Amino acid sequence: MNKLIGILGCGGGVGQYVVNYLKGKYPLKCGQRKIVNMNADTDIEYVQVDVRNRKELIKFCQNCSIVINCTGPSYYLSREIASVVCEHNIDYIDTFGIGIDKEELYNYESTMIIGAGSFPGLSGILPVWIRKEQQESEIRRVNIFAGGNEHITASACADFLLSTFSQFGKIDSYYSHQQIKKTENITERVPLIFPDTAEIMEYLPDEIYLSAEYSRIDELHWYNVQTNSEYRNIIQEALLKLMISQEYEYVNRLAENVKRKLENKREESKTWYRIWLEIETVTEKKNYGYEALDSYKINGRIAAFCAEALCSGICQKGIYWPFEILDAEIVMNSLINEEILIGLKENDKKMQEHDLNYEEGELNGKETSDNCLWGWIRTILY
């Protein structure tokens, strides 16, 4: 008998994709605060639940074998949700999870996967996939650039701001031979798959450090790419207001305001998210480019992969990142075959549509600066 999977935040930007990828394969219990115009699928039970109400949350978890948390802001909600789920010996997946205290959860019998999205999530899977692609070759250096022009939810805005205080990662830092090194000057230039106006910021979250170490990569640099020219001013203003209070309702109103301003300043209507990989081994250099029209699809697919892994019973009790339990090659092949990720190569039609004319691996002549969502927030405060 298939395990019952509970999905909290089923109608949100990520949750709806998790539902789409899992329905028909497993019985689902889908919950959110308001149930509106939900399809009458025979294998899906829709439940109205306020995740901030502990009694409602406990009732929702009844009979579930796995609960996937797609709600936000994660900074406020994930810790309590994870605690309730694990207290009832139910396995837990969080598409972000920055609010979770791992030490509090180690004594439970549940299996937990955190960061089951694109960043974190796919960001940790990529180094493992690179290692598999290169087999036993010594990988001297990897550069990964990721960013785009996307719609953003208010919950995501809140988490971006609140992550300032959560030690999510280190700015101006990179991985080198099992150590964290400080970036003195960014010498890399923005790859041509991004607009000329794009700016980058080097950033090293714990997940990417651990993945690079696991993958036996000598040196790895992760660069967040920001394309909104007004982003800096909007975030700076929001952070000043955030210092006044981090109370839940106040931050939600602030996040809604940031979302509205960012949407108004988006410089093109088409949404996209791009990843550019530069790999240097002892014998050669390789480049890979990918585009997703909606990175929320990546989040949903990674979370669904994690649920399938837990259903298969391959994981023992513990807390994991997706790269530690998923087969990176299967994940990447699926993302490409399902056209969630579309390959970008030289002379590719999709590149030409963006007026990008380049040789694979060529970089443009624009120097970069320290402007990205995660890293720049910390730059202001520290």
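The values are calculated or read from the model by the stated rules, or taken from the named source; none is laboratory data. What you see is a predicted model, and the numbers here were worked out from it, not measured in a lab. Neighbour counts run over all protein chains shown; Cβ positions are idealised from the backbone, glycine included.
Would you point out the residue of segment 79-109, among those that are touching a Phe, Trp or Tyr at 6+ places or on another chain (Cβ under 6 Å) and in a loop (DSSP other than H, G, I, E, B), that is modelled with the highest pLDDT?
Among those residues, the one meeting the criterion is I98.
Answer yes or no: is there a residue in segment 235-243 that is closer than 20 Å to H151 by Cβ, modelled with pLDDT of 95 or more and surrounded by 14 or more Cβ atoms within 10 Å (Cβ to Cβ).
no
Only one of (1) surrounded by 15 or more Cβ atoms within 10 Å (Cβ to Cβ); (2) assigned to a helix (DSSP H, G or I) is not met by K3, so which one is it?
Of everything listed in (1) surrounded by 15 or more Cβ atoms within 10 Å (Cβ to Cβ); (2) assigned to a helix (DSSP H, G or I), K3 misses just condition (2).
Report yes if S245 is free of Cβ contacts under 8 Å to residues at least 12 places away in the same chain and over 27 Å from E278 (Cα atoms), otherwise no.
yes
How do the strands (runs of 3 or more DSSP E) wholly within segment 133-210 filter down when requiring 2 or more residues that are under 16 Å from the mean Cα position of the chain (by Cα) and modelled with pLDDT of 85 or more: which remain?
Hits in segment 133-210: 139-149, 199-205.
Would you confirm whether any residue within segment 273-280 is among the hydroxyl-bearing types (S, T, Y), modelled with pLDDT of 50 or more and surrounded by 20 or more Cβ atoms within 10 Å (Cβ to Cβ)?
Looking through segment 273-280, at least one residue is among the hydroxyl-bearing types (S, T, Y), modelled with pLDDT of 50 or more and surrounded by 20 or more Cβ atoms within 10 Å (Cβ to Cβ).
Out of E219, E280, E230, E263, which single residue is touching a residue at least 12 places away in the same chain (Cβ under 8 Å), within 21 Å of G343 (Cα to Cα) and among the acidic types (D, E)?
Just one listed residue meets the conditions, E280.
Determine which member of the set Y214, Y223 is under 22 Å from the mean Cα position of the chain (by Cα) and surrounded by fewer than 16 Cβ atoms within 10 Å (Cβ to Cβ).
The unique qualifying residue is Y214.
Any residue at all in segment 14-21 that's under 30 Å from S245 (Cβ atoms) and not in a helix (DSSP H, G or I)?
yes
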